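What follows is a set of notes on a single structure, which appears directly below.
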Amino acid sequence: MFTDPFFFSGGSDVFPTELGMFVAGAMLVAVISVLFAGRGNEDRTRVRSVARYLGAIGLFTLFITLFAAFGAAFSLTDLVVNHQERYEVYGGGYESDAPYTGIFLPVGGSSGYDFTGDPTNNSNYSAAVASGLIAITTGLIFGFHARWRRRLMDGPHRDDESVVRVDRTYHYGRCFVAALVAAVALTGVGFGVFEIAAPGIAVGGNADVVRAEGISEVLSSGVLALAALMIFIRSWNSVVRVDLGSVTTRRKQ
């Protein structure tokens, strides 16, 4: 089962904590790259700083929204598990006997969702609401800034090389982070299928509980993977494929 939105385990993590920290680090690298993009180009229209701001906050809020939405999805899909049976099997949690006390922002390696300490569904609803509120808030912030970024790129500044460079870096950053998130999420789907097919080998314990946890992981990780792939494909088609096509054309010439 999940003890972290990026890790899948049944008492011990199958994937190291460093993997989740790497994804968070990739997002940080992407944001920093946007903030320093276009340094070698003349800022003719004096809007390079605006473009950097819109790109950086767009990247950050986009993926925070994605991670928070995944947290809400996982909290709700975990309802397929019989919480009373799981509580009896794991005795109040994999890592401690302390009851579940809350959720953490689903970014980085220290985040965690462990509902094993609550024999009821209350913690799931609490976590879903908390993560949902984060997703809504950051989603609104992303939408506001995305609209202004589109206005900037569609306006008279679209021919400013420094603005174009910042926008391209923004899309490359989206591809970079989205690809990593999709890879981790698809691995989660695979492990969820493994839990469904062979609960005794994957985790052990109550087979019905493990299979239900596998279903929860397949559903929530599948949603995360699909959303990340959609983000990747959109930016890939917008910028990366065009750039790669230009490189191929120049080589043929």
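The values are calculated or read from the model by the stated rules, or taken from the named source; none is laboratory data. Because the structure is predicted, anything quoted here is derived from the model rather than measured. Glycine gets a Cβ as well: all are built from the backbone with ideal geometry, and neighbour counts include every protein chain shown. To get the accessible areas, we keep the full protein, side chains included, count just its heavy atoms, and leave off ligands, DNA and RNA. Shrake-Rupley method; radii C 1.70, N 1.55, O 1.52, S 1.80 Å.
Observations
- Subset of the stretch 39-52 that is open to solvent by 90 Å² or more (accessible area, probe 1.4 Å) and free of Cβ contacts under 8 Å to residues at least 40 places away in the same chain - its residue that is nearest to residue 156 (Cα to Cα): 46
- Scanning the stretch 184-202 for residues that are open to solvent by 30 Å² or more (accessible area, probe 1.4 Å) and at pLDDT below 90, we see that the one that is nearest to residue 41 (Cα to Cα) is 187.
- The condition (being over 18 Å from the mean Cα position of the chain (by Cα), over 28 Å from residue 56 (Cα atoms) and not aliphatic (A, V, I, L, M)) is satisfied by just one residue among 213, 217, 161: 213.
- If the condition is being surrounded by fewer than 19 Cβ atoms within 10 Å (Cβ to Cβ) and among the aromatic types (Phe, Trp, Tyr), then the stretch 136-171 contributes 144, 148.
- Flag not set for residue 82, criterion: modelled with pLDDT of 85 or more, touching a His at 6+ places or on another chain (Cβ under 8 Å) and over 17 Å from residue 174 (Cβ atoms).
- Candidates 62, 35, filtered to the one that is within 20 Å of the chain's Cα centre (by Cα) and modelled with pLDDT of 90 or more: 62
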